[in-house]
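Notes for the one structure printed next.
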Amino acid sequence: MYKAKAYSAAGATSPLASTTISRREPTDSDVQIEILFCGICHSDLHQVRNEWSGVMPTVYPCVPGHEIVGRVTKVGPAVTRFKPGDLAAIGCLVDSDGTCPECKAGFEQSCPNFTLTYNFPDKHLGGVTYGGYSDSIVVTERFVLHVPSNLDLAGAAPLLCAGITTYSPMRHWGVTKGKKVGIVGLGGLGHMGVKFAHALGAHTVVFTTSPGKKEDALRLGADEVVISRNADEMAKHAGSFDFILDAVAVEHDINAYINLLGRDGTITLVGAPNQPLPVDVFGLLFRRRSFSGSIIGGLPETQEMLDFCGKNNITADVEVIPIQKVNEAYERLLKSDVKYRFSIDMASLKTA
Ligand SMILES: NC(=O)c1ccc[n+]([C@@H]2O[C@H](COP(=O)([O-])OP(=O)(O)OC[C@H]3O[C@@H](n4cnc5c(N)ncnc54)[C@H](OP(=O)(O)O)[C@@H]3O)[C@@H](O)[C@H]2O)c1
Ligand SMILES: [Zn+2]
Ligand SMILES: [Zn+2]
């Protein structure tokens with residue numbers, strides 16, 4: 001065991017503050033990574049504030065962070081894909097059984113025995129896992145990903161959650177040239193969704209509650225922008241979408257979006273509000289529409305997404321912050337005031 005610097009929350013209403021945590025010494029198949037950047041996902045905020053208490057109650061102290069890029073500092077003797085000095089990335093998962101049908105098919109995110117990067121039972125040290133708001137992490141090689149060398153590292157970190165969470169459903173539901181695709185909510189996930197939908201060739205429409213984001217949405221790759229609080233603007237798109245990705249973090253009216261789907265259209269929720277959302281069944285019956293959800297992605301697809309980003313030079317638009325500004329960043333997330341992902345420069349932890 002060794003000590004690592006980190007930022008943790010002591011309770012649901014406590015601000016995040018500097019601390020030290022224990023990490024395991026790398027075992028035979030482990031990779032130790034010096035964390036350079038970690039993105040701030042809205043899930044970090046949900047978890048830190050125990051907003052998902054019904055599904056995943058928070059264990060304190062909580063060290064969040066699952067959008068991790070860094071440099072390998074040490075590897076165990078059985079590690080074959082990484083060596084010290086390599087770039088490496090970790091997303092939302094740090095372990096799974098590796099033997100179930102889901103794992104065998106590369107859907108580790110559906111493994112009944114997975115381990116999330118933070119707030120999940122730690123098989124090695126007891127207690128819970130600690131995430132990326134830290135200067136280092138030790139992860140079994142199977143869950144360590146390669147970062148294309150051409151990508152800016154601060155902007156690459158958010159690919160590990162916001163990137164794969166939007167890429168995976170778009171690939172699954174066949175987003176491609178000739179399809180009309182909607183992205184609801186221009187936050188961390190939403191802005192990656194726009195970049196991917198555009199890169200995949202779809203006609204991309206952004207739905208936002210923030211009129212001030214219109215120009216940015218177009219710059220990010222949207223073909224059209226709809227202010228979702230304007231009923232007339234919404235009505236113009238009725239029955240016309242093949243696919244809508246909803247990345248809103250709070251309760252909102254999803255029926256307004258279901259009505260925008262065409263025949264056999266699908267709306268997929270990736271946002272995770274802590275309250276149930278009422279669905280008007282008639283909206284689904286008409287035009288044989290589908291309502292679905294999706295969670296991150298498996299390891300093969302996450303690497304595929306990173307390679308796709310390398311090839312197409314796609315990274316998140318980030319506001320790089322020192323870790324000392326993390327509490328302020330959380331408050332700004334709540335006001336939809338992020339352009340479009342906070343990425344923590346972990347060098348700032350040295351002076352914390
Ligand atoms: N399924 C998964 O695997 C997965 C992975 C990561 C995150 N998540 C979840 O996805 C959600 C979004 O995460 P994020 O990091 O992208 O959050 P974020 O950066 O805070 O973005 C959320 C966006 O939702 C929109 N919004 C906010 N309040 C709204 C309201 N009252 N009505 C309608 N829209 C509103 C805003 O966009 P506009 O200003 O454009 O309206 C805001 O920027 C969170 O719930 C998170 O936990 C799920
Ligand atoms: Zn996330
Ligand atoms: Zn499994």
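Accessible area of THR266 (1.4 Å probe, protein heavy atoms only, ligands and nucleic acids ignored): about 10 Å².
When only alpha carbons are used to place a centre, segment 21-91 and segment 225-253 end up 35 Å from one another. Ordering LYS104, LYS180, LYS325, LYS213 by accessible surface, largest first, gives LYS104, LYS325, LYS180, LYS213; the 1.4 Å probe counts only protein heavy atoms, with every chain in place. Its Cα centre serving as origin, segment 35-160 has a Cβ charge dipole (Lys and Arg +1, Asp and Glu -1) of approximately 280 debye. Above 20 Å, the calculated P(r) of segment 239-352 contains 61 percent of its Cα-Cα pairs. With a 1.4 Å probe rolled over the protein heavy atoms of all chains, the accessible area of TRP173, TRP52 falls in the order TRP173, TRP52, largest first. How big is the shadow of the Cα convex hull of the chain, averaged over all directions, in nm²? Answer in nm², one decimal: 16.7. The calculated pair-distance distribution of segment 117-156 uses every alpha carbon pair, bins of 10 angstrom beginning at 0, and gives 23, 47, 24, 7 percent.
Using just its DSSP H runs of length 4 or more, each adding -39500 (n - 2.57), the chain gives a mean residue ellipticity at 222 nm of -6000 deg cm²/dmol after division by all residues. I need the fraction of alpha carbon pairs in segment 127-279 separated by more than 24 Å, rounded to a whole percent. Distances greater than 24 Å cover 36 percent of the Cα pairs. Computed over segment 1-99, the quotient of the alpha carbon radius of gyration and 2.2 N^0.38 Å is 1.19. Label separation (ARG287 vs LYS236): 1.7 nm, computed from points 7 Å beyond Cα along the C-beta direction. This model, with +1 at the C-beta of Lys and Arg and -1 at the C-beta of Asp and Glu, gives the chain a dipole about its Cα centre of some 280 debye. Between the residues ALA256, PRO112, GLY310, the greatest Cα displacement towards the positive end of the dipole of the chain, with unit charges on the Cβ of Lys, Arg, Asp and Glu, is found for GLY310.
Answer with one residue from THR351, PRO101, GLY132: the one whose Cα lies farthest towards the positive end of the charge dipole of the chain, charges on Cβ with Lys, Arg +1 and Asp, Glu -1. Ranked along the dipole, the leading option is PRO101.
Of the solvent-accessible surface of segment 18-87, computed with a 1.4 Å probe over protein heavy atoms with every protein chain present, carbon and sulfur atoms account for 54 percent. Taken over segment 58-193, the ratio of Cα radius of gyration to 2.2 N^0.38 Å equals 1.14.
Residues HIS46, HIS203 ordered from highest to lowest accessible area at a 1.4 Å probe: HIS203, HIS46.
Rounded to the nearest whole Hz, the Karplus-based 3J(HN,Hα) values (6.51 cos²θ - 1.76 cosθ + 1.60, θ = phi - 60°) of segment 20-32 follow the sequence 10, 10, 8, 10, 6, 5, x, 7, 3, 9, 9, 10, 9, with x at glycine and proline. Of all beta bridges that DSSP places with both ends in the chain, some 55 percent have antiparallel geometry.
The values are calculated or read from the model by the stated rules, or taken from the named source; none is laboratory data. Just so we're clear, the structure is a prediction, and the values are computed from it rather than from any experiment. FYI the Cβ positions are ideal-geometry reconstructions off the backbone, even for glycines, and counts take in every protein chain you see. Accessible surface areas use protein heavy atoms only, side chains included; no ligands, DNA or RNA. Shrake-Rupley method; radii C 1.70, N 1.55, O 1.52, S 1.80 Å.
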